[in-house]
Amino acid sequence: ADQGQLGLLSIPRDTRVSIPGRRGYHRINSAHAFGGPDLVRKTVEEFLGVDINYYVSVDFAGFAGVVDTLGGVEIEVEKAMRYDDFAQGLHIDLKPGRQILNGEQALQYIRYRDGLGDIALLDPVRNVYGGRIQRQQKFLQAVVDKALRPQTIGKIPQLAETLRAMVDTDLPVDEAVALGLALKKYTPDRIDMAVVPGIGRN
């Protein structure tokens, strides 16, 4: 962070891990069901061997609210995305092309699954992945690009309380504002994104 670099690591939700207090191995997303954000933090700390100071947990409504608060996010939708799941109340209808997605549309984009599922290893030699997790990282990069604009950074103190109300976090407000203002030393090319590697198995 002192050098103006930021790393973002995505952990596929089906990654098998040891969850503190539980026998055997479980999917990592089960940690939240077993013990909420605190157990997720402990599980990830054990899995990666790192200390996690704070957490920010965002549900679907909060995610859409954050995107709307930023004024939408511009992204290239790769292809037509249509899907309906009436049981979940999920309805996706996005057209291809570069466009500004509002909160609801952004939610559709990151939830859409195609034949590649959540993650698929497309090229083992170059370590190239595809699937929903890659689209989610692409979208997060677009969010970062929007957040790094001077006009956005200048509004961070005013936006902090609004954004905080949309998430569940143990990050103090003053720390959140300080971290937000520190974004001015970052540039998109100094933000590295990666995925925990793995092989899909039943």
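The values are calculated or read from the model by the stated rules, or taken from the named source; none is laboratory data. Keep in mind the model is a prediction, meaning the values are calculated, not measured. Ideal geometry is used to build each Cβ from the backbone, glycine not excepted, and the neighbour counts take in all protein chains shown. Each accessible area value is taken on the protein alone, full model and side chains, heavy atoms only, with ligands, DNA and RNA left out. Shrake-Rupley method; radii C 1.70, N 1.55, O 1.52, S 1.80 Å.
Scanning for something modelled with pLDDT of 75 or more, under 19 Å from the mean Cα position of the chain (by Cα) and not in a helix (DSSP H, G or I), does region 122-135 turn up at least one residue?
No; the residues of region 122-135 include none that is modelled with pLDDT of 75 or more, under 19 Å from the mean Cα position of the chain (by Cα) and not in a helix (DSSP H, G or I).
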Could you check region 70-97 and list, in sequence order, the residues that are open to solvent by less than 40 Å² (accessible area, probe 1.4 Å) and either touching a helix residue (DSSP H, G or I) at 6+ places or on another chain (Cβ under 7 Å) or not in a loop (DSSP other than H, G, I, E, B) (or both)?
Leu70, Val73, Ile75, Val77, Met81, Asp85, Leu90, Ile92, Leu94, Gly97
If I filter region 48-67 for residues that are over 18 Å from the mean Cα position of the chain (by Cα), at pLDDT 90 or above, among the aliphatic types (A, V, I, L, M) and surrounded by 14 or more Cβ atoms within 10 Å (Cβ to Cβ), do I get at least one hit?
no
Just for region 1-29: of the residues that are touching a helix residue (DSSP H, G or I) at 6+ places or on another chain (Cβ under 9 Å) and farther than 24 Å from Asp192 by Cβ, which one is surrounded by the fewest Cβ atoms within 10 Å (Cβ to Cβ)?
Gly21
Give me a count of the residues in region 30-47 that are open to solvent by less than 70 Å² (accessible area, probe 1.4 Å) and either within 16 Å of the chain's Cα centre (by Cα) or within 17 Å of Ala176 (Cβ to Cβ) (or both).
4
So, in region 68-85, of the ones that are under 19 Å from Asp145 (Cβ atoms) and of a type in the set (Gly, Ala, Ser), which residue ends up modelled with the highest pLDDT?
Gly72
For Asp38, are the conditions met, namely being out of contact with any Pro (no Cβ under 8 Å at 6 or more places or on another chain), closer than 20 Å to Glu175 by Cα, assigned to a loop (DSSP other than H, G, I, E, B) and without any contact (Cβ under 8 Å) to a residue 24 or more places away in the chain?
no
So how many residues does region 143-177 have that are farther than 24 Å from Met193 by Cβ and hydroxyl-bearing (Ser, Thr, Tyr)?
1
Any residue in region 8-20 that's assigned to a loop (DSSP other than H, G, I, E, B): show its pairings with residues that are hydroxyl-bearing (Ser, Thr, Tyr) at Cβ separation under 9 Å, as long as the two are six or more apart or on different chains.
Ser18/Tyr25; Ser18/Thr43; Ile19/Tyr25; Ile19/Ser30; Ile19/Thr43; Pro20/Thr43
